[in-house]
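For reference, the structure is listed below as structure tokens.
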Amino acid sequence: MALERTFSMIKPDATRRNLTGAITKMLEDAGLRVVASRRVWMSLRDAQGFYAVHKDRPFFAELTEFMSSGPTIVQVLEGENAIAKNREVMGATNPAQAAEGTIRKVHALSIGENSVHGSDAPETAAQEIRYWFSDTEIVG
Ligand code: GDP
Ligand code: MG
């Protein structure tokens, strides 16, 4: 399979606990390469735009308030099968159901404050990368 890119975020619960390096190391150890990275404190409006797909879900307000409650690291990751590989190393949405050794099993606090985001498909990866990065910011 050819090199693929995916979009990743280290969420505010993790930056607050100084886990940026620990989480990035888990991504790198899984074979993913950070080809773009920026620290952002997103506005509520940015969070609402980014998570628009979830706007009718009961947790939308909680999610967008949490995501704008502190700094986030937005990243583009590159590697073989990067989208699926990132989802695998992240673990299940609910840390109680996440596999041993995954980022969410090791670091997440709850189903909401679950430390990382990762795109779930090629279309969303492209869209989410474009939401946060211009082409010149991505250096492979
Ligand atoms: P993901 O792709 O594994 O991140 O999960 P989803 O796309 O289903 O949900 C997006 C994000 O919304 C999750 O990562 C959580 O931060 C949050 N979320 C999902 N379900 C719940 C829930 O039941 N309660 C709360 N508070 N947050 C949730
Ligand atoms: Mg998702």
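The values are calculated or read from the model by the stated rules, or taken from the named source; none is laboratory data. No experiment lies behind these values; they were computed from the predicted model shown. We place every Cβ from the backbone using ideal geometry, glycine too, and count neighbours over all the protein chains shown. All accessible areas refer to the heavy atoms of the entire protein, side chains included, with ligands and DNA or RNA removed. Shrake-Rupley method; radii C 1.70, N 1.55, O 1.52, S 1.80 Å.
Figures for the structure shown
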| quantity | calculated |
| --- | --- |
| Boolean, Asp56 is within 16 Å of ligand 1 (Cβ to nearest atom), surrounded by fewer than 14 Cβ atoms within 10 Å (Cβ to Cβ) and acidic (Asp, Glu) | yes |
| Condition met for Asp56 (assigned to a helix (DSSP H, G or I) and modelled with pLDDT of 95 or more) | no |
| The lone exception for Asp120 - which of (1) free of Cβ contacts under 8 Å to residues at least 24 places away in the same chain; (2) within 12 Å of ligand 1 (Cβ to nearest atom); (3) not in a helix (DSSP H, G or I) it fails | (1) |
| Flag if Thr64 is open to solvent by less than 20 Å² (accessible area, probe 1.4 Å) and either outside any helix (DSSP H, G or I) or out of contact with any strand residue (DSSP E or B) (no Cβ under 6 Å at 6 or more places or on another chain) (or both) | yes |
| Search result, residues across segment 69-88 that are away from ligand 2 (no atom under 15 Å from the Cβ), outside any strand (DSSP E or B) and either crowded, with 19+ Cβ neighbours inside 10 Å or without any contact (Cβ under 8 Å) to a residue 40 or more places away in the chain (or both) | Ala82, Lys85 |
| Of the criteria (1) in a loop (DSSP other than H, G, I, E, B); (2) more than 15 Å from ligand 1 (Cβ to nearest atom); (3) not β-branched (Val, Ile, Thr), which one Met42 fails | (2) |
| Subset tally (residues that are in contact (Cβ under 8 Å) with a residue 24 or more places away in the chain and within 13 Å of the chain's Cα centre (by Cα)) for segment 89-109 | 4 |
| Failed item in (1) away from ligand 2 (no atom under 14 Å from the Cβ); (2) within 15 Å of Arg5 (Cα to Cα); (3) assigned to a loop (DSSP other than H, G, I, E, B), with Ala36 passing the rest | (3) |
